[in-house]
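> Provided herewith is a single structure, encoded as structure tokens, for subsequent inquiry.
Every number here is computed from the coordinates shown, using simple stated rules; none is lab data. Note that the coordinates shown come from a computational prediction; the quantities given were computed from them, not determined experimentally. No Cβ is skipped: glycine too gets one built from the backbone with ideal geometry, and neighbour counts run over all protein chains shown.
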Amino acid sequence: MAWNTLQMQRALDEIEAIGGERMRAEDLRQIAPTHLEGINPRGTFEFPIARYAHRLLPSVVLPPDPRSQRHTA
């Protein structure tokens with residue numbers, strides 16, 4: 001869904017740039033990234049939240065995820 005949202009925003013930005021005006025709120029209410037095919041709402045996704053917590057939750061400090069640490073020899 002995040003990829004769909006990003007692609008939809010890019011398309012919207014391009015349409016608005018070409019047309020020279022913003023999309024109407026009524027039209028934007030009719031689209032959503034969840035209405036597209038290819039999304040499996042029952043699937044399991046593993047997301048390394050600790051790795052991206054500083055960007056997603058800037059007010060929350062989580063300990064670093066040991067799986068995201070690179071090992072150097």
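> I need the calculated FRET efficiency for the pair residue 25 and residue 51, taking r as the beta carbon distance and R₀ as 25 Å, to the nearest 0.05.
About 0.10, to the nearest 0.05.
> Could you give the length gained by full extension between residue 42 and residue 9, i.e. 0.36 nm per residue of separation minus their alpha carbon distance, to one decimal place?
Result for the pair: 9.4 nm of gain on full extension.
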